[in-house]
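These notes concern the structure reproduced below.
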Amino acid sequence: MRELQIVDALELAAAYADAEYAVVLDGDALQLRVGERAADLEAYWPAQRYAFITAWNPASIPHSDLANESANLALVTRLDALGVARQPAHAYDRRDEWRESGWLLVNLDSGMLNLLAREFGQAGVLDWAFGEPVRLRMLLPMPPRARGGGHIEWLPEPGPDRLKPSAIA
């Protein structure tokens with residue numbers, strides 16, 4: 001498991017919540033936004049649960065394209081082993097200064113999503129149930145200045161019973 005060293009978790013959560021997320025299905029780019037319903041996606045690809053995860057830039061530190069692609073391949077291997085249905089997706093900021101490839105997943109248990117995110121050094125993932133607004137789950141303890149509620153969930157560090165991570169180049 002990679003240790004995340006976040007300078008300001010609130011700023012990171014705000015950036016993730018403000019980011020744009022998209023998945024392309026049958027040539028149509030379907031947008032996802034934290035706090036909004038994903039009705040177009042849900043109509044196109046019905047499922048009980050949805051999630052977005054990436055393996056890029058673990059610990060929120062920029063990595064080379066080669067390192068990011070290697071981490072992505074390791075994530076794909078894990079998703080294949082779990083039998084998780086997925087579609088390519090990406091996240092980007094509105095100024096188009098940052099972009100990360102990732103995966104839109106369906107029907108993955110939230111606990112397994114959390115384990116994968118921690119295994120691949122991610123500070124946040126998207127996770128929501130059909131018909132509900134997209135939620136951002138930060139895999140960090142809630143900072144003292146953070147307000148509860150809204151569409152951001154903060155999780156404390158897992159206990160000693162967490163799964164062992166795979167090696168990531």
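Bear in mind that the values in this text are calculations on the coordinates, not laboratory data. Since the model is a prediction, treat every value here as computed from it, not as a measurement. Reconstructed Cβ throughout: ideal geometry from the backbone, glycine too, with neighbour counts over all protein chains shown.
Counting only other residues whose beta carbon sits under 11 Å from that of Ala51, what net charge do I get with K and R as +1, D and E as -1? Write down the numbers at each step before the final one.
Numbers: positive: Arg49, Arg86, Arg135, Arg137; negative: Asp109, Asp127.
With Lys, Arg at +1 and Asp, Glu at -1, the net is +2.
Sort 116-126, 98-108, 50-60, 142-152 by packing, meaning the average of other beta carbons within 10 Å per residue, with the highest value first.
Details: 116-126: 24.1, 98-108: 18.9, 50-60: 21.8, 142-152: 12.4.
Those peptides, ordered most packed to least, come out 116-126, 50-60, 98-108, 142-152.
Compute the signed sum of charges (Lys and Arg +1, Asp and Glu -1) over the other residues within less than 13 Å, Cβ to Cβ, of Asp65. List each step's numbers first, then the result.
Numbers: positive: Arg99; negative: Glu69, Glu100.
Net charge around Asp65: -1.
Roughly what % of DSSP beta bridges within the range 1-149 run antiparallel, to the nearest 5?
Numbers: 30 of 31 bridges.
Here the share of antiparallel DSSP bridges comes out near 95 percent.
For the range 42-53, take each phi angle, set θ = phi - 60°, evaluate the Karplus expression 6.51 cos²θ - 1.76 cosθ + 1.60, and give the result in whole Hz per residue in order, putting x for glycine and proline.
Along the range 42-53, the couplings run 5, 6, 6, 9, x, 7, 7, 9, 9, 8, 10, 9 Hz.
Rounded, prolate or oblate: which fits the range 59-138 when a ≥ b ≥ c are the square roots of the eigenvalues of the alpha-carbon gyration tensor, with rounded for a/c under 1.5 and prolate only if a/b beats b/c? The partial results should precede the final answer.
Details: a/c = 1.66, a/b = 1.17, b/c = 1.42.
Oblate, because a/c is 1.5 or more while a/b does not exceed b/c.
Would you mind calculating the gained length between Ser101 and Ala14 on full extension (0.36 nm times residue separation, minus the Cα-Cα distance), in nm to one decimal? Don't skip to the end; give the middle numbers.
Values: separation 87, 0.36 × 87 = 31.32 nm, distance 1.92 nm.
Here the answer is 29.4 nm.
How large is the helix-only mean residue ellipticity at 222 nm for the chain, computed as the sum of -39500 (n - 2.57) over DSSP H runs with n ≥ 4, divided by its residue count, in deg cm²/dmol to the nearest 500? Don't skip to the end; give the middle numbers.
Numbers: 4 runs with 44 residues, N = 169.
That comes out to -8000 deg cm²/dmol.
Between Ala59 and Asp109, what is the label-point separation in nm under the 7 Å Cα-to-beta-carbon projection?
That separation, rounded to one decimal, is 2.9 nm.
In a shell of Cβ-Cβ distance under 12 Å around Arg94, excluding Arg94 itself, what net charge do Lys and Arg (+1) and Asp and Glu (-1) give? Walk me through the numbers before you get to the answer.
Details: positive: Arg33, Arg95, Arg99; negative: Asp18, Glu20, Asp93, Asp96, Glu97.
That works out to -2.
Starting from the Cα gyration tensor of the range 83-123, multiply each eigenvalue by 5, take the square root, and state the resulting semi-axes largest first in whole Å. Working shown, then result.
Details: eigenvalues 97, 36, 11 Å².
Semi-axis lengths for the range 83-123 are 22, 13, 7 Å.
For Arg49 and Ala29 in one chain, what is 0.36 nm times their gap in residues minus the Cα-Cα distance, to one decimal in nm?
On the way: separation 20, 0.36 × 20 = 7.20 nm, distance 1.94 nm.
Difference between extended and current length: 5.3 nm.
Tabulate in residue order the Karplus-calculated ³J(HN,Hα) for the range 77-86, using 6.51 cos²θ - 1.76 cosθ + 1.60 with θ = phi - 60°, rounded to whole Hz; enter x for Gly and Pro.
Taking θ as phi minus 60°, the curve returns 4, 5, 5, 4, 4, 7, x, 7, 6, 8 Hz for the range 77-86.
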